[in-house]
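Read the structure below first, then the notes.
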Amino acid sequence: MTFTLPSTSRRSRCPAPSQIEAPCSLTVANNSDYSVRVYGASAGAEYWSTAAVTGSYSDAQGKGFGKNFAYISGDNSKSAKIPMTHPVLARGNGTDPTSWQISFFVPSAFSKSAAEVPTPNDSDVVIQRAPLVKVALGEFPGFATEELFNECETKLKAALARDGVKTVTGTDWSRTWASYDVSTRPRRPPSPVPPTAVP
């Protein structure tokens, strides 16, 4: 299914300067079950710090968060203190349920070019350039748990199948769970968001 909408229905989403920074996106479709957005299409490149970790979702989330938090707290080539951003991403390996990539968004003040992004000191943490990707997103309120993510993902896949939307599998970004700090987004419900890449 191709989402073709009038230009007036396309809405760019970038955080206000007073908010915690997040990647920009372009909303291309909305319905009652999910929305479709394009990420990675901003004028400048965007980057993520990513920790490769293993274990259950909760264990991996804790370990990966810790490694990324150390990176932004100064464990990097410039000893830079980097502001916290959102969302925190958890990307699972489709063939190994214990293999995860946990990522923090690198704020624009530290990523005007690839050379300006501080290099992690921890060899388990790498810097990745954000790809250009179209995603379908489902949302749910409440604290992010593996059970709620899986429930939301099941509903999202069912809605996409119902609408004839084909999804892309087998890439690093095919299945992503994203947790937002909702305290800074009062107009939005608590929003851990699992995107599924679509062509």
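Bear in mind these aren't lab numbers, they're just calculated from the coordinates by the rules spelled out. These numbers were taken from a predicted model, which means no experiment stands behind them. For neighbour counting, all protein chains shown are included, and Cβ atoms are generated from backbone atoms with ideal geometry for every residue, glycine included.
Amide H to amide H distances under 5 Å link Cys24 with no residue, where only residues 5 or more positions off or on other chains count and H is placed in the peptide plane. Using the Cβ-Cβ distance between Arg162 and Lys112 with R0 set to 41 Å, the FRET efficiency works out to roughly 0.45. Taking the square roots of 5 times each eigenvalue of the Cα gyration tensor of segment 17-91, largest first, gives ellipsoid semi-axes of 26, 19, 11 Å.
Mean sequence separation of contacting Cα pairs (under 8 Å, at least six apart), scaled by the length of segment 47-129, corresponds to a relative contact order of 43 percent. Taken over segment 52-97, the convex hull of the Cα atoms encloses 75 Å³ per residue. For segment 82-91, the Karplus equation 6.51 cos²θ - 1.76 cosθ + 1.60, evaluated at θ = phi - 60°, returns couplings of 9, x, 5, 10, 8, x, 8, 9, 10, 10 Hz by residue, with Gly and Pro reported as x.
Spin-label model, Leu132/Thr145: points 7 Å from Cα along the beta carbon direction are separated by 4.1 nm. Here the 3J(HN,Hα) profile of segment 130-142, calculated from phi with Karplus coefficients 6.51, -1.76 and 1.60 at θ = phi - 60°, is 5, x, 7, 8, 9, 10, 9, 10, x, 10, 8, x, x Hz, Gly and Pro shown as x.
When every Cα-Cα distance of segment 47-129 is counted in 10 angstrom steps from zero, the calculated P(r) takes the values 20, 53, 22, 4 percent. Remark on segment 80-166: hydrodynamic radius 15.9 angstrom, per the Kirkwood mean of 1/r across alpha carbon pairs.
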